[in-house]
Amino acid sequence: MAARDAYLDNVKLVAIVLVVVAHAWTPYTPDSELAKTLYLFVFTFHMPAFIFVAGYFTRSWDGQPRRVKRLITRVLVPYLVFEAAYTRFFNTAGGRDEALSLLDPWWATWFVLALFLWRLSAPVWRVLRRPVPIAVAISLLASLQPLGPALDLDRVLQLLPFFVLGMAVRREHLDLLHRRAVRVAAAGVLAAALVVAGYASTRGMTEFFFWRSPRGHFDQLGFAQWLGLRVGALACAVAATAAFLALVPRRRSRLTALGEGTMYAYLLHGFVVKGAVFAGVHIGFAATTVAAALLALGLCSRPVRRVFRGVVEPELRWLFRRPPPPLELDPPERRPALLGSNPSL
């Protein structure tokens, strides 16, 4: 088994901590401009970074049976389990009365369904000559009209460029991000992204960074102005994501191993974060930030992974048939001439 890449585990770990922290900030955003700005700032790159890494790990996805099995057991089945679990949880703890709909994902489960769809499309992106520009064009076209709640296609297609970009890059491209000059510039880029987030939060442009609202949501804007802002938001997200990737440390630390369990934190944290909201827990913005970061780290730990492995990474050997024996083809001289003896046929 190949050794794990410490850098990519660090990226995943920092990204999941930011995901959990941002979700924990949600109750503070209506009344605090600081919370709203920081929330939007994190949204400029935390999910794009997650999606980029998912694309990077999908570069070799070729649809072989073992990869399809892993896609089913590591992505599709957890989606089905947690979609049902979150529906029950929101109905019971949140006082809702919603029917289970596997085609309309609840809250954070949209990413798991999106990951399933993106990976199914991987062979297409591998054979295209210019996959990234095509994905950008699809993203922009998808934002013209609402696509409805089914499969959360608005976000699936609008965030597609980050997944395809992850598939397109090579390791030497990532290594360029760790040059000293690039890292210094990255700090400036993230500072600029923070300013952009502050401006967008005060101008009613936050939806540009949530990747789910069509042009009709901005009917006060002309088409050229809207298109410029949409392309600008995409460029800002790409730059902020690259800056984030440049600043994540490459060295292995005591926390690096937790990067193996980021899917556990992603799927489980909602029960705690939303449970606290439903219970009316209010401990202040700073304390919530610390508690959410510790929660993310705890949910990535080995004890948690051991308890929940059966639903997050099930084996399900009973579901799959054994690999069929390889086909034994007759040598050419013994194969029947199905179309006669005419060589032109």
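Each reported figure results from applying straightforward, stated rules to the coordinates on display, with no laboratory input. Please read all numbers here as calculations on a predicted model, not as lab measurements. Positions of Cβ are generated from backbone atoms using ideal geometry, with glycine treated the same way; all protein chains shown enter the neighbour counts.
Do the sum for the chain: with -39,500 (n - 2.57) for every DSSP H run of n ≥ 4, divided by all residues, what is the mean residue ellipticity at 222 nm, to the nearest 500 deg cm²/dmol?
It comes out at -19000 deg cm²/dmol, rounded to the nearest 500.
State whether region 197-319 is rounded, prolate or oblate according to the following rule on the C-alpha gyration tensor (a ≥ b ≥ c being the square roots of its eigenvalues): a/c under 1.5 gives rounded; otherwise a/b larger than b/c gives prolate, and the remaining case gives oblate.
It is prolate, given that a/c is not under 1.5 and a/b is the larger ratio.
Tilt of helix 180-202 relative to the longest C-alpha principal axis of the chain, in degrees (0 to 90, nearest 10)?
So the helix axis and the longest Cα principal axis differ by about 60 degrees.
What are the residues whose amide H is under 5 Å from the amide H of Arg252, where those residues sit 5 or more places off or on another chain and H is modelled from the backbone?
Hits under the 5 Å cutoff: none.
Which of the lysines could be linked to Lys274 by a straight reach, that is with a Cα gap under 26 Å, when you skip same-chain ones fewer than 8 residues away?
In chain and number order, the partners are Lys12, Lys36.
For Asp104, which sequence-distant residues (separation of 5 or more, or a different chain) have an amide H within less than 5 Å of its own amide H, given hydrogens modelled in the peptide plane?
So Asp104 has HN proximity to Leu151.
Give me the net charge for the shell around Tyr86: Cβ to Cβ below 13 angstrom, other residues only, Lys and Arg +1, Asp and Glu -1.
Summing Lys/Arg as +1 and Asp/Glu as -1 gives 0.
Based on other C-beta atoms within 10 Å, arrange Met205, Met47 from fewest to most.
By the 10 Å Cβ count, ascending, the order reads Met205, Met47.
Starting from 0.36 nm per residue, how many nanometres of slack lie between Arg250 and Leu103 once their C-alpha separation is accounted for?
On the way: separation 147, 0.36 × 147 = 52.92 nm, distance 3.83 nm.
Value of the extension gain: 49.1 nm.
Tally Lys and Arg at +1 and Asp and Glu at -1 over the other residues with C-beta under 14 Å from the C-beta of Ala187: what net charge comes out?
Local charge sum for Ala187: +3.
To the nearest 0.05, what FRET efficiency results for Glu207 and Phe57 with a Förster distance of 51 Å applied to their C-beta separation?
0.95
Rg(Cα) of region 4-91 divided by 2.2 N^0.38 Å?
Cα-based Rg divided by the globular estimate yields 1.38.
Can you put Ile134, Ile51, Ile283 in order of Cβ neighbours within 10 angstrom, beginning with the fewest?
So the ranking, lowest neighbour count to highest, is Ile283, Ile134, Ile51.
Give the residue from Leu141, Val277, Pro249 lying farthest towards the positive end of the charge dipole for the chain; charges sit on Cβ (+1 for Lys and Arg, -1 for Asp and Glu) and the dipole is referred to the Cα centre.
Final value for the positive-end residue is Pro249.
For the peptides 169-181, 119-131, 76-88, what is the packing order when you average, over each peptide's residues, the other Cβ atoms within 10 Å and list the highest mean first?
76-88, 119-131, 169-181
With the cut-off at 1.5 for a/c, could you classify region 6-321 from its C-alpha gyration tensor as rounded, prolate or oblate?
Here region 6-321 falls in the rounded category.
Would you mind checking the tilt of helix 285-299 against the longest principal axis of the Cα atoms of the chain, expressed as 0 to 90 degrees and rounded to 10?
The two axes meet at around 30 degrees.
Does region 23-181 come out rounded, prolate or oblate, given a ≥ b ≥ c as the square roots of the eigenvalues of its C-alpha gyration tensor, rounded meaning a/c under 1.5 and, failing that, prolate meaning a/b above b/c?
Note, shape of region 23-181 comes out oblate.
Cut-off is 10 Å between beta-carbons; in what order do Tyr28, Tyr7 appear when sorted fewest neighbours first?
Tyr28, Tyr7
I need the phi-derived Karplus couplings for region 254-259: 6.51 cos²θ - 1.76 cosθ + 1.60, θ = phi - 60°, integer Hz, Gly and Pro marked x.
Calculated HN-Hα couplings, in order: 5, 8, 4, 4, 5, x Hz.
If you line up the long axis of helix 77-93 against the longest principal axis of the chain, both from Cα atoms, how many degrees apart are they, to the nearest 10?
30
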